[in-house]
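Trainee: Here's a structure for you.
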Amino acid sequence: MSNRKKLQDQIAIVTGASSGIGAGIAKALSEAGATVVVNYSSSADKAEAVLGEIKQRGGQGIIWKADVSKEAEVQDMFRKTIEQFGTVDILINNAGLQKDAKFHEITLEQWEKVIGINLTGQFLCAREAVKEFLKRGVVPSRSKSAGKIICISSVHEVIPWAGHANYAASKGGVMMLMKSIAQEYASMKIRVNSIGPGAIRTPINHAAWQTPEAYQNLLKLIPSKRIGEAEDIGNAAVWLASDDSEYVNGITLFVDGGMLLYPGFEDNG
Ligand code: NAD
């Protein structure tokens, strides 16, 4: 058995990596040997802190400011990454947000913000990644694939979500974006998959786990009876990015403690 780490010598861009799931994935990829570009949109100090932890554990990377909904900023991030590290092997399309409102009160601005970051942002980053993967092709010493894209979706790519129609629509869109790219480039050894988190303890959903009452209420939706942690998603991302999942393409891997098992029926319906 070689001591080679699973993602050794590979370059990963993780969007929205200054917080929550993105930070967890960035650290997990680094532990697996990848050099990580910690993308952030506003808080450089938080991105520095994530990179600091990575470096403390012997990993390497840089922080990079870019708003994923802005074409020029995304293109610049890929250009600079390729200039500095030679290529990009892994894209984690993670950046996302919610702008919640009752459907009849959603403003066009709230709609466009969520679609712009959660869906258009994933399109812009994936397009740049695919261009680079096609240009470079497979480098067998690093990976059996020319490149891997992992889209962070949600259980709400399939579970409708009242009060969050813009968010659910963005994640449903991510599902078909992911599958269509996977189909288009599978023969060129590019793999595209999603992770569909359930409820993960991050700032995006702090209202759902902040108080004991809210937490107990949340557990009614989770057969495994615990909230998920960013590491749960990080572990799944390492697997999907590595050759261990080389024959896996175009799927959503739900990491949700069984949230999709219709827990309302667990007591005989
Ligand atoms: P979070 O708020 O901690 O992280 C979101 C990150 O995205 C932040 O770092 C934020 O700065 C960044 N971001 C926002 N807009 C950006 C932009 N325009 N450009 C670049 N970065 C931007 O929340 P999280 O829970 O870690 O969310 C990460 C992803 O996981 C999101 O796509 C979210 O929809 C998804 N998700 C989260 C949960 C959960 O329970 N936490 C469940 C399902 C899916």
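Trainee: Got a sec? Which residues in the stretch 11-45 would a label at Asp76 touch, if it sits 7 Å along Cα→Cβ and we count backbone N under 18 Å?
Mentor: Answer for this model: 14-17, 37-45.
Trainee: Measure up Lys171/Lys220; Lys27/Lys113; Lys5/Lys113 against 30 Å on the Cα-Cα distance and list the ones that go over.
Mentor: Over 30 Å Cα-Cα: Lys5/Lys113.
Trainee: Another question, if that's okay. What are the ³J(HN,Hα) values, in whole Hz, obtained from phi via the Karplus relation 6.51 cos²θ - 1.76 cosθ + 1.60 with θ = phi - 60°, for each residue of the stretch 19-32 in sequence order, with x given for Gly and Pro?
Mentor: Working through the residues one at a time gives 7, x, 4, x, 5, x, 5, 4, 5, 5, 5, 5, 4, 8 Hz.
Trainee: Let me ask something additional. With contacts defined as alpha carbon pairs under 8 Å and 6 or more residues apart, what's the relative contact order of the stretch 11-265 in percent?
Mentor: 20
Trainee: Mind pulling up the Rg/Rh value for the chain? Radius of gyration and Kirkwood radius, both on Cα.
Mentor: Rg/Rh for the chain comes to 0.96.
Trainee: For Gln216 paired with Leu260, estimate the spin-label separation in nm (one decimal), with each label point 7 Å from Cα along the Cα-to-Cβ line.
Mentor: Simple spin-label model gives 3.1 nm for this pair.
Trainee: Please give the net charge around Ala186, taking every other residue with its beta carbon less than 14 angstrom from that of Ala186, where Lys and Arg add +1 and Asp and Glu add -1.
Mentor: +3
Trainee: If r is the Cβ-Cβ distance from Gln60 to Lys99 and R0 is 30 Å, what FRET efficiency results, to the nearest 0.05?
Mentor: 0.30
Trainee: Each label point is 7 Å from the Cα along the Cα-to-Cβ direction; what then is the distance between the points at Ala44 and Met188, in nm?
Mentor: 3.6
Trainee: Pop out the ³J(HN,Hα) list for the stretch 157-170 in order, Karplus 6.51 cos²θ - 1.76 cosθ + 1.60 with θ = phi - 60°, rounded to Hz; leave Gly and Pro as x.
Mentor: 7, 10, 8, x, 9, 4, x, 9, 4, 5, 5, 4, 5, 5
Trainee: Which residues in the stretch 142-165 have a backbone N closer than 20 Å to a point placed 7 Å from the Cα of Glu112 along the Cα-to-Cβ line?
Mentor: 165
Trainee: Right, something else. Quick check for you: with a 1.4 Å probe and neighbouring chains kept, what is the accessible area per residue of the stretch 17-112, in Å²?
Mentor: 49
Trainee: Same structure, new question: Leaving out ligands, DNA and RNA, what percent of the accessible area of the chain is carbon and sulfur, probe 1.4 Å?
Mentor: Reported share for carbon and sulfur atoms: 54 percent.
Trainee: For an R0 of 45 angstrom, estimate the FRET efficiency from the Cβ-Cβ distance between Lys131 and Asn268 and round to the nearest 0.05.
Mentor: My answer for the efficiency is 0.25.
The values are calculated or read from the model by the stated rules, or taken from the named source; none is laboratory data. Predicted model, so just to flag it, every value in this text is computed and none were measured. Using ideal geometry, Cβ is built from the backbone for each residue, glycine included, and neighbour counts are taken over all protein chains shown. Just so you know, the surface numbers come from the protein's heavy atoms only, side chains and all, with ligands and any DNA or RNA stripped out. Shrake-Rupley method; radii C 1.70, N 1.55, O 1.52, S 1.80 Å.
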